[in-house]
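Just below is one structure, and these are the notes that go with it.
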Amino acid sequence: MNDIDTTLTGDVRDSALSLDPQTSGQKPKTRSCQLCHQRKIRCDKTLPCSNCVRGHTSCHYPGNERKARRPHKTTITDVASRVTKLERVIAAMSNHHGIATEAAATTEGQAFHTHDGAGISRCSEVTIANHPETREKRESSTEELLVQDGESSCYVNEVLLSRVLDEERALQSTIGTLKEDITGPSNTVDLIDIGMPFSHFKKPALGDKIRLPSRRYAIQLWRTYIENVDPMGKILHIPTMEAALFGAANNAADVDSDLSALLFSIYFAATTSLESSVVARIYSDEKGCLLSRFKEGLEQCLAGSNFLAHPTMKSLQAMAIYLRSLRAYDLGRSSWTLFGLAMRSAQSVGLHRDGSNFKLPPFETEMRRRLWWFLWSIEAREAEDHGISVSDYMIDLSGTRFPSNLDDGDLYPGMTELPASKPTWTAMTFSLATWETSLLIYRTMSSSSSGSSHMLSREQLLRDHLTHLEEAYLKHCNPDIPVQRAAILMGRLLSAKASFITQQQELKRIFDPAQPASTATEESLITACQILEMNIQLQTEEILRDFQWVFVTYTQYHPLLYVLWHLYIKPTGPNVDRAWATVLQAFEIASRRESSAEGGSKWSMVQILKQKACRRTQESAEQQLTVAGSGRCVASSTPSALDDIQNPSLWDMDTMDISDWNNLTDNFNVYDFEG
């Protein structure tokens with residue numbers, strides 16, 4: 001008790017000394033005492049002051065501490081940066097330490113790397129944890145390979161090719177040597193070459209002005225965009241954008257760089273949606289020349305707007321429209337890399353977080369939602385095209401809600417509240433149906449856990465989504481209206497794709513090593529054919545002609561590869577004729593394209609498998625003729641090639657992900673599968 005009293009007494013004494021200028025050696029007070037300040041009277045600044053002495057009150061002066069500075073105003077970019085950092089920390093903790101929700105003891109994971117002489121670096125991670133989720137993730141994780149090719153390298157994170165490349169050492173020396181042998185589809189029309197993406201990404205020289213199209217052509221291209229492009233991916237608010245476009249057409253000298261970039265992207269997309277003959281007739285110029293001109297203007301305007309350092313909604317919209325259109329001419333790594341740039345730029349302005357979290361106006365929030373899901377869906381598809389699995393991080397990244405099912409007329413700048421989504425067809429219905437179903441597909445792909453309970457969970461998720469899709473969107477569509485017919489076909493195609501992936505995951509679970517062809521089921525073949533047939537409808541039906549510039553860029557590789565593999569494994573069967581008719585029609589459509597979109601991607605692998613399946617079918621037919629001619633029954637002998645191609649380690653139809661086909665599948669050793 002004495003210690004406490006002494007301490008308090010000392011504190012009071014020190015405080016009193018500090019207030020006395022004579023004892024503390026400090027200068028006289030420069031501020032009024034608290035009572036004088038409160039009464040707003042003059043204080044003589046002594047201790048005690050004369051006013052307090054006359055009033056017989058205690059005299060107290062404020063402390064000497066400085067007023068705290070006003071904290072730096074937190075911006076959306078700051079919040080997005082912090083959220084991204086936290087996500088990375090959580091993801092790292094989940095990957096390396098498991099997800100411990102109970103008081104279970106865990107041991108920190110250890111990572112080690114091994115190298116062999118074939119130019120392969122293998123990364124294996126051992127995580128010891130008692131939590132069942134961690135154990136399942138460890139058991140179902142895919143192997144990783146880094147294949148060295150001179151000064152470059154190629155990353156593989158898919159079971160099929162990682163195992164093939166690990167076992168086929170001789171394949172390492174051939175990577176990059178067979179690309180000239182297998183090219184894209186043999187086109188029957190002239191190809192359009194617009195050069196490398198971002199080849200003109202530089203600010204225009206001082207005094208140089210980027211010329212926009214004339215007012216007449218600008219309006220024509222804008223109408224084409226509204227009819228052919230906007231329905232396939234709704235990110236713009238047409239009334240607002242139309243006012244900006246007409247303003248730019250009337251006064252081009254005062255147009256900002258980011259708006260100019262957006263206008264050029266609209267013109268580029270509109271031109272892409274037209275056939276070459278139509279472009280020549282309307283604009284008296286070649287399609288390739290117009291595209292190159294718009295591409296150059298767009299890229300220079302993006303550079304002029306300082307897009308990389310300070311992206312805006314307009315410049316991000318321009319990038320999104322441009323890169324989506326670029327798929328018609330370039331499906332290589334360059335376009336995929338640029339989508340990564342667009343996604344990081346979108347994250348830097350917080351698009352991956354819902355605008356309502358930041359109290360943004362309803363109109364701005366809705367526009368941000370449209371743009372984010374447009375970018376997300378195409379980025380996920382780009383990853384699928386290049387065989388990189390869509391990671392859980394990518395799926396869980398977005399905290400942004402889907403846009404409302406509303407028409408542009410229901411939205412306007414300055415609105416204080418969003419109306420409820422309409423239970424009818426709107427201009428957003430096609431986009432919502434495809435975006436929501438695409439998210440389901442990639443969630444299904446990433447759900448790799450085995451076991452009947454997980455299978456039932458995936459099937460229930462699929463059933464619930466199909467019910468929602470039908471009730472919320474498809475039942476309101478009129479198949480006689482082009483865009484609504486496209487929504488019906490696309491929604492059901494993507495749903496069938498999700499069902500197909502679920503089938504393959506179930507077949508993997510019940511796979512019997514003694515019967516490697518057991519995964520080649522008629523049910524899977526029928527489902528794959530249905531997907532391809534719906535895709536062919538989208539690409540060929542006359543009523544959908546205005547939108548086919550989009551549909552031809554989305555090859556359904558999963559079902560196409562499965563059909564060709566099935567035809568190689570089982571060249572005879574009740575659905576073989578249907579399968580071959582579908583495959584041949586898909587190849588015939590590819591040969592009529594104006595661009596070489598398939599060149600350098602998975603198309604090389606598809607071509608090789610088609611050749612092998614044709615050869616196997618011919619051999620099977622010859623065997624049957626021989627048997628029929630001899631008048632006796634003989635057992636058909638399986639070609640030695642089947643011993644390799646039926647190997648379950650080589651043909652894992654999990655379809656969670658298809659590896660990086662750009663370098664690897666171009667040189668896949670199906671050349672050795674001599675049938």
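All of the numbers you see were taken from the coordinates with simple rules; none came from a lab. The structure presented is a predicted model; accordingly, all values stated were derived computationally and were not measured. Note that each Cβ is placed from the backbone with ideal geometry, even for glycine, and that neighbours are counted across all protein chains shown.
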Handout entry: Residues with amide H under 5 Å from that of SER273, placed H, sequence gap 5 or more
Key = none
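So what's Rg/Rh here for the stretch 191-417, counting alpha carbon atoms and using the Kirkwood radius for Rh?
0.95
Within 13 Å, Cβ to Cβ, of GLU541, how many net charges do the neighbouring residues add up to if Lys/Arg are +1 and Asp/Glu are -1? All intermediate terms of the calculation are to be shown ahead of the outcome.
Values: positive: ARG485, ARG545; negative: ASP480, GLU533, GLU542, ASP546.
Within the 13 Å Cβ shell, the charges total -2.
If you count, for each residue, the other Cβ atoms within 10 Å and average over each peptide, how do 237-250, 274-287, 334-347 line up from highest to lowest? Spell out each step's value before the answer.
Details: 237-250: 16.0, 274-287: 14.4, 334-347: 18.6.
Highest mean packing first, the order is 334-347, 237-250, 274-287.
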Problem - Förster radius 25 Å - calculated FRET efficiency between SER277 and ASN251, Cβ distance, rounded to 0.05 - result: 0.15
Problem - Sequence ranges 50-60, 256-266, ranked by mean other-Cβ count within 10 angstrom, highest first - result: 256-266, 50-60
Exercise for the section: Note down the nm distance, to one decimal, between modelled labels 7 Å out along Cα→Cβ at GLU227 and at CYS289. Expected result: 2.4
Practice task
Determine, for each peptide in 493-500, 570-577, 520-527, the mean count of other beta carbons within 10 angstrom over its residues, then list the peptides with the highest first.
Solution key: 493-500, 520-527, 570-577
